[in-house]
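Working notes for the structure below.
The values are calculated or read from the model by the stated rules, or taken from the named source; none is laboratory data. Note that the structure is a prediction, hence the values are computed from the model and not measured. Neighbour counts are summed over all protein chains in view; Cβ atoms, including those assigned to glycine, are modelled from backbone coordinates with ideal geometry. Note: areas computed on protein heavy atoms with side chains; ligands, DNA, RNA excluded. Shrake-Rupley method; radii C 1.70, N 1.55, O 1.52, S 1.80 Å.
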Amino acid sequence: LIGCGGIVMALGALLSALPEFLTHQYKYEAGEIRWGAEGRDVCAANGSGGGPGPAPGPLCPRRCRSRTATNMMYLLLIGAQVLLGIGATPVQPLGVSYIDDHVRRKDSSLYIGILFTMLVFGPACGFILGSFCTKMYVDAVFIDTSNLDITPDDPRWIGAWWGGFLLCGALLFFSSLLMFGFPQSLPPHSDPAMESEQAMLPEREYERPKPSNGVLRHPLEPDSSASCFQQLKVIPKVTKHLLSNPVFTCIILAACMEIAVVAGFAAFLGKYLEQQFNLTTSSANQLLGMTAIPCACLGIFLGGLLVKKLSLSALGAIRMAMLVNLVSTACYVSFLFLGCDTGPVAGVTVPYGNTSAPGSALDPYSPCNKNCECQTDSFTPVCGADGVTYLSACFAGCNSTNLTGCACLTTVPPENTTVVPGKCPSPGCQEAFLTFLCVMCVCSMIGAMAQTPSVIILIRTVSPELKSYALGVLFLLLRLLGFIPPPLIFGAGIDSTCLFWSTFCGEQGACVLYDNVAYRYLYVSIAIVLKSSAFVLYTTTWQCLRKNYKRYIKNHEGGLST
């Protein structure tokens, strides 16, 4: 099944790249575009067009018209994503179960830790591959790229987005073929601890096999006469049985809370770094790829290694999960104090020309830029010599591509009316960022150490024949509760702190400027609430095991290992 899933994924990856070969080549509008130095638009009032009909006039309608001609290739991409999702499903529940069945119990946590480490390491490699591909021109295989008059820094550049899909599709296909070489079950090796360590559900329910359940006559031998329909019919009963086990349910919900933090917090971490510490998108992603992700990989691996080396019992493993959860929650609390203010932004947080006038109307459009026809479809901030950030060189009234002669800088001498690209720096921001990065590394590593102990406890609290199904329930609930709602909740919370929205062809676009303090408090507080919920669930699990260890873990003398 894992091999078949890999081939389905390979097909999905190849389908993802197909639009590049089925549609016409990308055509960009040649010549200069109405951006000045560093890609920043400038005031067009004194340009060639002048007056009421400046250069950007025909630009926007043309771009708006091009939006209506969307072809249907995106449907192919959606279908490909569905195949990728289906193909990726078997490897986690069945892979963990296959490993646990065929290695010594004391080594299981280490190997499962390695598997989960790879699941985090893979996306990191994907980000690197994606950034490498987008540096190549989209149609590089069809045309001579030496004739191009644009570079990757140009807004019109589109990279070879499809290259990574082709490479990954090929790798998936060949690695899937290896899966078919493994037998259905490996020959057992003598391990005296194996029999004494078989985990179980509450004793009263599984003391002896029940022939009435429609599937299993003997715990490990399926009834050959049971039809597919009968096996499906017993699923609700088995699911109810699993979820009635408080240890199983609490561990699953705690895992969902932990994953929710990762899915929601990590999804917007790049944007958070951009807004809080004035980083560019590429540098924010590079820093995350080089720090947080490797630390998380190391944490998952260390979690599995510690369970093995310390021979932790189920109680020991849950205590470890509680401890690392507490430490990582403390790291999140420290994030509340690590960040920068939004600073003065002309027309958004302070009025034009006067940074302290109370009660003045805040409007990005001012008499000093009213004839400039400034666009709000993108955010290209500039820092004025007066220490105020402007939404773009156009909004600062700059009429020259070298960003001088900016009419809106009224509080500085005329010869100093210049701006430089980027937001104005906030005092102490650099130091706060370095501290944040260090704490983020520690937080990623320690927080990830709870993953392997949680899964190990889970597979030790169900009977062996239900192990694969129990893992299936875990990963289903992780997807439903851990990956879908949190990004929506985090995203809605972040949007509520927006100060200025971009507009494109009359429609509201993305938020380009946030209230940094409100953003930080809301964003970090949601993560703290989720981490605290996980701690409560871990504590409940610990209480259940402490009070009635025999009921949930049969091998009450030792633990998860020897």
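Below is a table of values for the structure above.
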item	result
FRET E, pair Asn402, Thr539, Förster distance 51 Å, beta-carbon r, rounded to 0.05	0.25
Simple label model, 7 Å out from Cα along Cβ direction - Asp144 to Ala267, nm	4.7
Packing rank of 229-240, 485-496, 246-257, where each peptide gets the mean count of other beta carbons within 10 Å, highest leading	246-257, 485-496, 229-240
Calculated from backbone phi, Karplus (6.51, -1.76, 1.60) coupling profile of the range 368-384 in Hz, x at Gly/Pro	6, 10, 5, 8, 8, 6, 6, 8, 10, 7, 8, 10, 10, x, 10, 9, x
Subset of Lys271/Lys423; Lys240/Lys308; Lys233/Lys547; Lys233/Lys467; Lys271/Lys531; Lys423/Lys531 violating a 25 Å alpha-carbon distance limit	Lys240/Lys308; Lys233/Lys547; Lys423/Lys531
Å² of accessible area per residue within the range 344-425, as computed with a 1.4 Å probe and no ligands counted	44
Under-5 Å amide H pairs with Val350, H placed in peptide plane, nonlocal only	Val345
Ordering of 143-152, 164-173 by packing [mean C-beta count within 10 Å, highest first]	164-173, 143-152
Highest average packing first - 119-127, 455-463, Cβ atoms within 10 Å	455-463, 119-127
FRET efficiency, 1/(1 + (r/R0)^6) with R0 35 Å, evaluated for Leu232 and Cys498 via beta carbons	0.15
Potential extension, Ala510-Phe379 segment - 0.36 nm per residue separation minus Cα distance	46.2 nm
Förster radius 60 Å - calculated FRET efficiency between Ile99 and Val420 (Cβ-Cβ, nearest 0.05)	0.60
Label-point separation in nm, Ala88 to Arg546, each point 7 Å along Cα→Cβ	3.8
Rounded percent of accessible protein surface that carbon and sulfur make up, the range 344-425, 1.4 Å probe	53
Distance-filtered residues of the range 87-119 - backbone nitrogen under 15 Å, label point 7 angstrom along Leu178 Cα→Cβ	115, 118-119
